[in-house]
Structure formats: structure tokens, C-alpha cells
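Accompanying notes for the structure given below.
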């Protein structure tokens, strides 16, 4: 702006804004320090603080359990790694099924509606229990009755329902005129979906899907209910042997080390998208 | 806290008239009442029908016998329920003593107090008939090759990894019914429980359940002894120990054990 005037140095307006910014930063810094101080000073004043510190923030137990918990966390990462791509594909199938317009294929559409209703409506942990214990109970032989397989399936079924709805919102956000234009150019319905609608739709919902990835990363821990000893279960074992909750704090920190960078990345993607739109 | 000081003051005022039986006076969370916690649910044969008030079942019977020696009539005993986590969380407890097959360990003792042991538990291996037919035997060699499961919050887990050291990683569960479910669906071959629980599960819950063998209670490494759990520094502990020690000496504990946990003989010992 100033460059157009060619004036040397900042304008009065810019000086004012810089001052306001500095003042804002100072106040933010001051209030943050005040809150932190209050926390650091006040919490230890609580009568039970010593006991809480011993039970939740025990350095010795932290050091003893950290390697084992990190090892167990690898299992979380592995389960996440094989679930995520399957969810991405299966959810797309559901979303496309929900978008079919041909009357003859109405049952497909009905299936997609019922599927998303059911799997979004039941808590994940219940699905994990029911599928993880129920299906192997039918008499499957090893290794096909593995809790890893059926637990993962439970996560995949549930998360696909959510992700399918996200895809659908992306698909519906592509204006109907684009479909009409594509069809009038002679594209088949399949090609229209593949070359016109989906490339835009999927790109638009990347930030929303990042959120689902982060949620999935945490919900992998629910598989511990049907047997696998991942980080949450391992922390529970340590907790019961040591009668101390520090291992849970360690597990939480391990999760944060993964989810915070992922959350920041999602925020970045959303901000980028907003800039692109405006 | 204020209530306790008040009741302590009252006790002092009552003066030397109090007999030794009143060791617990003023030391319970509710004056004149002993509040005992058990699991939710409490399992057979420790508590019958999940009703500790009946005094039926090993732990319920021990609790009432102990309360009586501490000067609490049966009507002055109230029961409450806690999970394992609630019983070890920091802060004031809502029970005087808590008994739900807590194994006494050094690490746990750093956070809570335990009474003298009231039972020494042998650990036992529970399997289903088909596993036995496939050649499973009560030897460490044979046990190593099985697929194992256990309840995650028990001392069975270190026993499993330390003593049996199976080839496959064990699967761990929240509670007994989940372990049984995993056995039924053939996800695990064998599970480890304390012997009375294993006998109950094989007799009642798991249709084709077999107790394959036991690790004797008096094993030198890591013996499993059940103690009553109390808040750390609970002044009641001396009274509880005095009552339990008396019960151990005059044979009361052995009597109660014989009544509720009698069938534990005849299970092969694992070498």
C-alpha cells in the first residue's frame, strides 16, 4: 500500500498498527504468564497434591514404563496403518452408492443409507465388542478368528460410515451445473464422476478427513478391549502392577506426540483451503 | 477430616474404660461402622450371589469374622463397591478396608497399605477339553506352545511372562467373562486365574473347561497372597492385622477356607 506513495518509512497508520500489535502481544504474554503462575503455584497448594504427584507424575515409574509403552504403541501404529487405506476406499464406495440416481439401483442407495445410519449410531466400543467377540464365536479357525482382523473390521466399518458422509458432502458441494456440463460434453455418468466430480470433491474434504484420521489414531486403542496388548492395555497392566496411574500419563503423552503434529497439519490444510476459496 | 478429629476427641473423652476390642474406635470413616469394599460385581467363590451382606462366600465370611473381632456387630458392617482403579486412586477412600483378591506386591505397597495376608492363592491354568485332546500337558514345555490370555489387571500377567514365557504374545482382557468369551471363540487356548476362580469357571461357566494344572501357592518366586487394601497410613491397619493374625492362629481362617474353598486339592502341580 505504502509503496504506491513511495514514502520513506512506515506511515502513521502502520505505526499505529504496530503499536497496537505490540500492546496486544504484551497483554497476551502477561495474561499467559499470570495463568501459568497461578497454576504452578495454586495446584501444589491443594492438600492432595503430593499424593496426586506420586500417583500420576512419578518420574521413576515414567522411566520404567516408557520403553515398554513405546513398544506397545507400535502396535497402534500398525493397526492404524492397515485400517486407514481400507477405510478411505470402502467409504468412497459407500458414498458413491449413496449417490446413484438410477431407479433400478435404488436398493444400493438404500443400503448405503442404512449402513451409515447404523454404524454412525452405535458407539465404536460396542461394535468392537460385538464384532470382535461375536464373529470369531461362530467357530472360525485360526488365524481367521484373530481379534486383530475382527477388531480392525469393526473400526473400518464404523469409520467408513463417517468418512462416507464426509465424501458425500464433498460430492454434493460440486455444483449440479458441472455435472450437466460434463454430461452434455458426452461423458458417461461414470466418467463424469471420475474426472469431474470426485477430483474436486475429494480435495475439498481433505481437512475434514484429516480430523477423522486423528480420531482413528486414538480409537485404535479400543481394540485392547478384545485382547491385543497395545499402548492403552500395556499402560493398564503397568497401572495394576505398580498401583500407579503414571503409565496412563505416559501413554497420553505418546498419543499427543503423534496427534498434535497431525492436528496442526490439518489446521494448515484448512487455512490453505480457506485462502484458496476467498 | 473434621469428623475424624471430633470422633477421636470423643474417644479420648470416653477414656480408659474402653477395652482392647475397641482398637478400631474413631479410626473408621463412619464412627461405629466398618465400611468394607468389594468388587463390582463380586465373584463366586469369594462372595456368593454378588451379595456380601449375606456373609456367604470366602471373603464375605472372612470380613464378618474379622469385623466381629474388631468389635463391629454384623449390623454395623456396611458394604460398598469399588473398581480396582478406584481403590488405588489418590485421595480419601470411601472404604475402611477393601478386599477383592488383591495380591500383595512391593510396588503396590508403595501407594496403599495391605493387611496381613488372609489367603495364599495357587495360580491355575484353565483350558478347554479340545486343547487337552490336542496334547496339552501340565508341563512348562507344553504350556509355552499355547496361545495365552489373562485378565490385564491381575498379577497373572507377570507370572505368565515371567514363568511360562509363551512363544506367542498373550492377549489381555478386562475381566473374567471376556477371557472366557475369547476361550469359547478359540482365540486363546489357555488362561491363568487363581485356583478357586479357575475351578469355579471350569465347573460352572465354561462348559468343557478343564483346570490343567496349578502353580503351587508356596512357590518361592512371586507368591500370590491376598491382603486387604487400605489407604496408605490408615491407623486401622494394626487393628485389622491383630484380628487377622488371631484368626490365622486359632484356625478360624482355615475353617472358613475349608468351608468355601475346599475343592482345591487334586489339581496336578505344574513342574
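The values are calculated or read from the model by the stated rules, or taken from the named source; none is laboratory data. It should be emphasised that the depicted structure is a prediction, and the values quoted were computed from it without experimental measurement. Because the Cβ atoms are built from the backbone with ideal geometry, glycine has one as well, and the counts that use them run over all protein chains shown.
Any idea which of A:179, A:194 is part of a helix (DSSP H, G or I), out of contact with any helix residue (DSSP H, G or I) (no Cβ under 7 Å at 6 or more places or on another chain), closer than 22 Å to residue A:96 by Cβ and more than 14 Å from chain B (Cβ to nearest Cβ)?
Values: A:179 fails: out of contact with any helix residue (DSSP H, G or I) (no Cβ under 7 Å at 6 or more places or on another chain).
None of the others qualify; the one that does is A:194.
Out of contact with any strand residue (DSSP E or B) (no Cβ under 7 Å at 6 or more places or on another chain) and within 11 Å of another protein chain (Cβ to nearest Cβ) - does that describe any residue in the stretch A:92-106?
No: zero hits.
The rows are residues; the columns are (1) within 19 Å of residue B:256 (Cβ to Cβ); (2) modelled with pLDDT of 90 or more; (3) surrounded by fewer than 22 Cβ atoms within 10 Å (Cβ to Cβ).
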{"site": "B:7", "(1), (2), (3)": "no, no, yes"}
{"site": "B:53", "(1), (2), (3)": "yes, yes, yes"}
{"site": "B:78", "(1), (2), (3)": "no, yes, yes"}
{"site": "B:96", "(1), (2), (3)": "no, yes, no"}
{"site": "B:106", "(1), (2), (3)": "no, no, yes"}
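Could you please let me know if residue B:85 is modelled with pLDDT under 90 and either assigned to a strand (DSSP E or B) or loosely packed, with under 15 Cβ neighbours inside 10 Å (or both)? Walk me through how you get there before you give the answer.
Details: modelled with pLDDT under 90: yes; either assigned to a strand (DSSP E or B) or loosely packed, with under 15 Cβ neighbours inside 10 Å (or both): yes.
Spelling it out, residue B:85 is indeed modelled with pLDDT under 90 and either assigned to a strand (DSSP E or B) or loosely packed, with under 15 Cβ neighbours inside 10 Å (or both).
Find the helices (runs of 4 or more DSSP H) located wholly in the stretch A:1-87 whose residues include 3 or more that are more than 14 Å from chain B (Cβ to nearest Cβ) and closer than 30 Å to residue A:215 by Cα, and list them. Even if it seems obvious, please write down each step before you answer.
Details: elements: A:2-5, A:12-42, A:49-56.
Output list reads A:12-42.
From A:234, A:217, A:273, which residue is within 14 Å of chain B (Cβ to nearest Cβ), surrounded by 14 or more Cβ atoms within 10 Å (Cβ to Cβ) and in a helix (DSSP H, G or I)?
Working: A:217 fails: within 14 Å of chain B (Cβ to nearest Cβ); A:273 fails: within 14 Å of chain B (Cβ to nearest Cβ).
A:234 is the lone residue from the list that is within 14 Å of chain B (Cβ to nearest Cβ), surrounded by 14 or more Cβ atoms within 10 Å (Cβ to Cβ) and in a helix (DSSP H, G or I).
Step by step: first the residues of the stretch A:107-140, then only those that are under 23 Å from the mean Cα position of the chain (by Cα) and not in a helix (DSSP H, G or I), then the one that is farthest from the other protein chains (Cβ to nearest Cβ). Which residue is that?
The selected residue is A:122.
Working carefully through the options B:198, B:150, find the one that is within 14 Å of chain A (Cβ to nearest Cβ), under 17 Å from the mean Cα position of the chain (by Cα) and surrounded by 15 or more Cβ atoms within 10 Å (Cβ to Cβ). First the steps, then the outcome.
On the way: B:198 fails: within 14 Å of chain A (Cβ to nearest Cβ).
Going through B:198, B:150 in turn, just one is within 14 Å of chain A (Cβ to nearest Cβ), under 17 Å from the mean Cα position of the chain (by Cα) and surrounded by 15 or more Cβ atoms within 10 Å (Cβ to Cβ): B:150.
So which of B:129, B:89 is more than 21 Å from residue B:159 (Cβ to Cβ) and assigned by TED's automatic domain parsing to the domain that holds residue B:201? If you could, list the steps in order and put the result at the bottom.
Values: B:89 fails: assigned by TED's automatic domain parsing to the domain that holds residue B:201.
Exactly one of B:129, B:89 is more than 21 Å from residue B:159 (Cβ to Cβ) and assigned by TED's automatic domain parsing to the domain that holds residue B:201, namely B:129.
Is it the case, given these coordinates, that residue A:209 is more than 14 Å from chain B (Cβ to nearest Cβ), part of a helix (DSSP H, G or I), more than 30 Å from residue B:91 (Cβ to Cβ) and touching a helix residue (DSSP H, G or I) at 6+ places or on another chain (Cβ under 8 Å)?
yes
For the stretch B:209-234, name all the residues that are in a loop (DSSP other than H, G, I, E, B), surrounded by fewer than 23 Cβ atoms within 10 Å (Cβ to Cβ) and away from chain A (no Cβ under 14 Å). Give the steps one after another, and end with the answer.
The first filter runs over the stretch B:209-234 and keeps only residues in a loop (DSSP other than H, G, I, E, B), leaving B:216-223, B:227-228, B:232-234.
Filter once more, so that each one left must be surrounded by fewer than 23 Cβ atoms within 10 Å (Cβ to Cβ): B:216-223, B:232-234.
Passing the criteria: B:216, B:217, B:218, B:219, B:220, B:221, B:223.
When you go through A:42, A:74, A:110, A:105 one by one, which is the residue that is within 27 Å of residue A:259 (Cα to Cα) and surrounded by fewer than 17 Cβ atoms within 10 Å (Cβ to Cβ)?
Working: A:42 fails: within 27 Å of residue A:259 (Cα to Cα); A:110 fails: within 27 Å of residue A:259 (Cα to Cα); A:105 fails: within 27 Å of residue A:259 (Cα to Cα).
Just a single option satisfies the conditions, and that option is A:74.
Given the conditions (1) more than 11 Å from chain A (Cβ to nearest Cβ); (2) surrounded by fewer than 20 Cβ atoms within 10 Å (Cβ to Cβ); (3) under 18 Å from the mean Cα position of the chain (by Cα), report the number of the one that residue B:174 does not fulfil.
The failed condition is (1).
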